[in-house]
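Have a look at the structure below before the remarks.
The values are calculated or read from the model by the stated rules, or taken from the named source; none is laboratory data. As the structure is a computational prediction, the values presented were derived from the model and not from experiment. So basically every Cβ, Gly included, is an ideal-geometry build from the backbone, and we count neighbours across all protein chains shown.
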Amino acid sequence: MTGLDARRQRLLSAMGLTPWVEQGAPVAAREPGWAELESGVAACTRCPLHQTRQHGVPGVGDRHAQLLVVGEAPGAEEDRRGEPFVGRAGQLLDAMLAAIGLDRHTGVYITNVIKSRPPDNRDPRTEEITACRGWLDQQIALIEPAVILAVGRVSAQALTGTTQKMGELRGHWHAYGPAGIPLLATYHPAYLLRMPRAKALVWEDLRRLRRHLREGST
Ligand code: SF4
């Protein structure tokens, strides 16, 4: 077993998930767990949101990403296309990533705390976030990101397990899960479209994130 396999196995076990390793497959061809995860999200009925969605939206990007971006929930366009962050907010997220030399397909994986759209874009309910958490934790175990960026209040509160305001959650590092993955919170791009003056704070967060990705310092 390679060092990477051993780390993945420990992380999956800590989260109560069963590691799946294809025996004898070439290393480059192995992406254990992804097919099951994506088909599982597509067919998921763990909460009532499956009744009103068009598509479960697992996520998009680099499955070996250093950075995992976690938003709130799919919106109407995301629900229609089956991809997260594809509207105006998605374009702004792409610009935020580009500002620190990243893009959604290289070194970054983008997902949401819940994978199905709440009707009328209402906030996800606590029980929906709880029902969906297993999918997110499975993604984290598969990707093993170096850093998690929680965008928006719903994501930041869910991932830090608090009810603090965004102004209190952003601006410093948190630790996520049993592995203590460094986690930053920042404002959601949809909020920035309404409140452009918050862009300066987001830029501070992005610089902190870039410094960590380059130097490993928090
Ligand atoms: S939101 Fe999550 S738990 Fe609910 S149906 Fe969609 S994938 Fe399943």
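Points worth noting:
- Residue within region 146-164 that is assigned to a strand (DSSP E or B), among the β-branched types (Val, Ile, Thr) and closer than 25 Å to Arg81 by Cα present: yes
- Pro58 being without any contact (Cβ under 8 Å) to a residue 40 or more places away in the chain and either within 16 Å of the ligand (Cβ to nearest atom) or loosely packed, with under 15 Cβ neighbours inside 10 Å (or both): no
- Any chance Glu78 is farther than 27 Å from Glu204 by Cα, within 11 Å of the ligand (Cβ to nearest atom), assigned to a helix (DSSP H, G or I) and not small (Gly, Ala, Ser): no
- A search for C-beta distances below 7 Å between a residue of region 175-196 that is at positive phi and any residue that is surrounded by 13 or more Cβ atoms within 10 Å (Cβ to Cβ), counting only pairs 6+ apart in sequence or on different chains, returns Gly177/Ile140.
- Hits in region 37-55 - residues which are part of a helix (DSSP H, G or I) and either among the hydrophobic types (A, V, I, L, M, F, W, C) or near the ligand (Cβ under 10 Å from one of its atoms) (or both): Leu37, Gly40, Val41, Ala42, Pro48, Leu49, His50, Gln51
- Every pair of residues 6+ apart whose Cβ atoms lie under 8 Å, when the first sits in region 124-140 and is over 15 Å from Thr160 (Cβ atoms) while the second is within 8 Å of the ligand (Cβ to nearest atom) and among the aliphatic types (A, V, I, L, M): Pro124/Ala73; Pro124/Ile114; Glu128/Leu49; Glu128/Ile114; Cys132/Ile114; Trp135/Val41
- Residue match in region 62-69 (condition: more than 28 Å from Asn121 (Cβ to Cβ), at pLDDT 95 or above and surrounded by 15 or more Cβ atoms within 10 Å (Cβ to Cβ)): yes
- Filtered residues of region 93-141 (kept if within 16 Å of the ligand (Cβ to nearest atom), of a type in the set (A, V, I, L, M, F, W, C) and either exposed (fewer than 14 other Cβ atoms within 10 Å of the Cβ) or part of a helix (DSSP H, G or I) (or both)): Ile129, Ala131, Cys132, Trp135, Leu136, Ile140
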